[in-house]
Amino acid sequence: MVCHYLVKGRVQGVGFRWFVHQEAAELGLRGWVRNTDQGHVEIVAAGKPEELAELKDALRKGSRGSRVDAVEEQELAESEGAQLGPFEIEGAW
């Protein structure tokens, strides 16, 4: 299963991408997380449905210092996950 998430709220500059990376890596998910130009955080993750449900729960809670106002979820075609590797943070130094 492959899902796209858009997390809205105070999620940039508060370690949110690192939090997502840690959660996703622990769950064994493939994919990536990155900031958007609109101030949101975007995630594409591939894995088992129950693992993705755990990730979504973590996204709703957020990291310390963050404030999550909304988590938009969209299921993607399985083919979207074919090229995904180990979970990574895009655009980080």
Query raised in the report: Karplus couplings for the range 30-35 from phi (6.51 cos²θ - 1.76 cosθ + 1.60, θ = phi - 60°), rounded to Hz, Gly and Pro as x?
Result: 9, x, 7, 9, 7, 7
Query raised in the report: Counting pairs of Cα atoms in the range 2-78, how many percent are more than 14 Å apart?
Result: 53
Query - Under the Karplus curve 6.51 cos²θ - 1.76 cosθ + 1.60, θ = phi - 60°, whole-Hz ³J(HN,Hα) for the range 12-18, x wherever Gly or Pro sits - result: 10, x, 10, x, 5, 4, 5
**Report entry** In order through the range 40-50: 3J(HN,Hα) via Karplus (6.51 cos²θ - 1.76 cosθ + 1.60), integer Hz, x for Gly, Pro
**Finding:** 9, 10, 10, 9, 10, 9, 10, x, 6, x, 5
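Only the coordinates and a few stated rules stand behind these numbers; no lab work does. This one's a predicted model, so the numbers in the text were calculated from it and none came from an experiment.
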